[in-house]
Amino acid sequence: MDKVKVGIIGAGNISELHVQGYKKLPNVELVAVCDLDKEKAEEYAAKHDIPNIFTDYNEMLKMEELDAVSVTTWNNSHAPISIAAMKAGKNVLCEKPLAMNADEAQKMVDTSKETNKLLMVGFVRRFEKNANYIKETIENDELGNVYYAKTGYMRKWGNPGGWFCDKKRSGGGPVIDLGVHVIDLISYLTGKPKAVSVMASTFEHLGLKPYIKGISKYNAKDYDKDNPFCDVEDSATALIKYDNGMTLSIETSWVLHTKEDNNYLMLYGDKAGVKMEPELEFYKEHNDYFVEERPIVKEETDKFSAIFQRETAHFIDCIVNNTECRNPGEDGVAIMKILDAIYESAKSGHEVIL
Ligand SMILES: NC(=O)c1ccc[n+]([C@@H]2O[C@H](COP(=O)([O-])OP(=O)(O)OC[C@H]3O[C@@H](n4cnc5c(N)ncnc54)[C@H](O)[C@@H]3O)[C@@H](O)[C@H]2O)c1
């Protein structure tokens, strides 16, 4: 294979980071872009010097020279597009969440097996340096048995609006948008134990609050301040138990009457504990003292771009060198099962056994 010829499906915000990543790879050529919005696709193609423009991904997938695609569309089209792409012989890097639910996600994995095409899920936080440091530490058994994990991905006022809060297109709110990242990260760090039960609550009390002044937030491209439709949860909490005895407590919000945004991730083992966020810190014992340890792990100044760079580089490496994929589609299915269970438990008021 000469250069890997890549297409982008969904010319929105996050696709820019995929493109930045691909552009840094000498063995990649960006050959096509597709977006439902023709004008947007044209602007995007001009900006990134991409020769072929489409508004229908089925047409784009007819391009024989196309080897791979990034699927960076709304969540409701991840499964149909990825399945069509693999059936057309293309390798797929699909953004998180892998699909709207576990059934769809499983069909994607089945297609990957049938077609022998790569399905990689965009769990980009697995490419953070801190995550790798912690993973190595756990693999060296320095935390011992990790029996409790705690994470929060909390925004005070951060509902992006638009498609993000239209359940038909997103599948849900902060659980499927933010919770997915940290639930996956904890699973990845702790050796992918299987979730066995979920007890959860979701809350729908605050909505978008489009009238708020004084602070700013990120808005989806199709956010319309005058039409603040929202039919997804604005916050959630869940207790997830795993087959290795670990319990994870997670909370997430887009809008919450709280002081400020708050992101944290902690793992507690019988030998030591670690805090990954807000900063990397270990808690252990030494000479009968409790000690704290802060490893020097410097993330790049633009950490967000750097992790996408490593993600796209890994995707291409898997295609070119047949390297084992760090983020296989199967992991996306496992996380979708947990997300489905969170919504089911919140609806029924009961624990869901997986
Ligand atoms: N990994 C991360 O940290 C991260 C961050 C943000 C978003 N995401 C994910 O990336 C995806 C896109 O999010 P975004 O913020 O870029 O959204 P966005 O609204 O900025 O862009 C989505 C684009 O997809 C296009 N689109 C939708 N359906 C399409 C279809 N069937 N065919 C062609 N184009 C289609 C839309 O017109 C839009 O331009 C979502 O799944 C989101 O969860 C991941």
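The values are calculated or read from the model by the stated rules, or taken from the named source; none is laboratory data. As the structure is a computational prediction, the values presented were derived from the model and not from experiment. Positions of Cβ are generated from backbone atoms using ideal geometry, with glycine treated the same way; all protein chains shown enter the neighbour counts. Surface accessibility is based on the protein's heavy atoms, side chains included, excluding ligands, DNA and RNA. Shrake-Rupley method; radii C 1.70, N 1.55, O 1.52, S 1.80 Å.
Considering the stretch 114-153, and only residues there that are of a type in the set (A, V, I, L, M) and within 21 Å of TYR242 (Cα to Cα), the residue that is farthest from the ligand (Cβ to nearest atom) turns out to be LEU143.
As for the stretch 294-304, it holds no residue that is within 28 Å of MET86 (Cβ to Cβ), open to solvent by 10 Å² or more (accessible area, probe 1.4 Å) and without any contact (Cβ under 8 Å) to a residue 60 or more places away in the chain. Taking the conditions (1) in a loop (DSSP other than H, G, I, E, B); (2) buried (at least 19 other Cβ atoms within 10 Å of the Cβ) in turn, ALA149 satisfies each one other than (1). Selection of first residues in the stretch 199-225 that are within 30 Å of GLU351 (Cα to Cα) and of second residues that are among the polar types (S, T, N, Q) and open to solvent by 50 Å² or more (accessible area, probe 1.4 Å), restricted to Cβ pairs under 7 Å at least 6 apart or on distinct chains, gives the following pairs, ordered by first then second residue: ALA200/THR237; SER201/THR237. Quick check: is even one residue across the stretch 174-184 away from the ligand (no atom under 16 Å from the Cβ) and either touching a residue at least 12 places away in the same chain (Cβ under 8 Å) or open to solvent by 10 Å² or more (accessible area, probe 1.4 Å) (or both)? There is no residue in the stretch 174-184 that is away from the ligand (no atom under 16 Å from the Cβ) and either touching a residue at least 12 places away in the same chain (Cβ under 8 Å) or open to solvent by 10 Å² or more (accessible area, probe 1.4 Å) (or both). Residues being hydroxyl-bearing (Ser, Thr, Tyr), more than 15 Å from ALA149 (Cα to Cα) and more than 16 Å from the ligand (Cβ to nearest atom) are entirely absent from the stretch 264-283. The sole residue among LYS194, LYS259, LYS225, LYS275 that is surrounded by 14 or more Cβ atoms within 10 Å (Cβ to Cβ) and either touching a strand residue (DSSP E or B) at 6+ places or on another chain (Cβ under 6 Å) or of a type in the set (Lys, Arg) (or both) is LYS275. For the stretch 343-353, state whether one or more residues are crowded, with 16+ Cβ neighbours inside 10 Å and either free of Cβ contacts under 8 Å to residues at least 60 places away in the same chain or not in a helix (DSSP H, G or I) (or both). The answer is yes; a qualifying residue exists. Residues in the stretch 278-293 that are surrounded by 13 or more Cβ atoms within 10 Å (Cβ to Cβ) and more than 30 Å from the chain's Cα centre (by Cα): LYS284 alone.
For the stretch 311-325, filtering for residues that are surrounded by fewer than 18 Cβ atoms within 10 Å (Cβ to Cβ) and touching a Lys or Arg at 6+ places or on another chain (Cβ under 9 Å) leaves 1.
Of all residues in the stretch 21-38, exactly one satisfies the criterion of being within 13 Å of the ligand (Cβ to nearest atom) and either over 21 Å from ALA84 (Cα atoms) or among the polar types (S, T, N, Q) (or both), namely GLY21.
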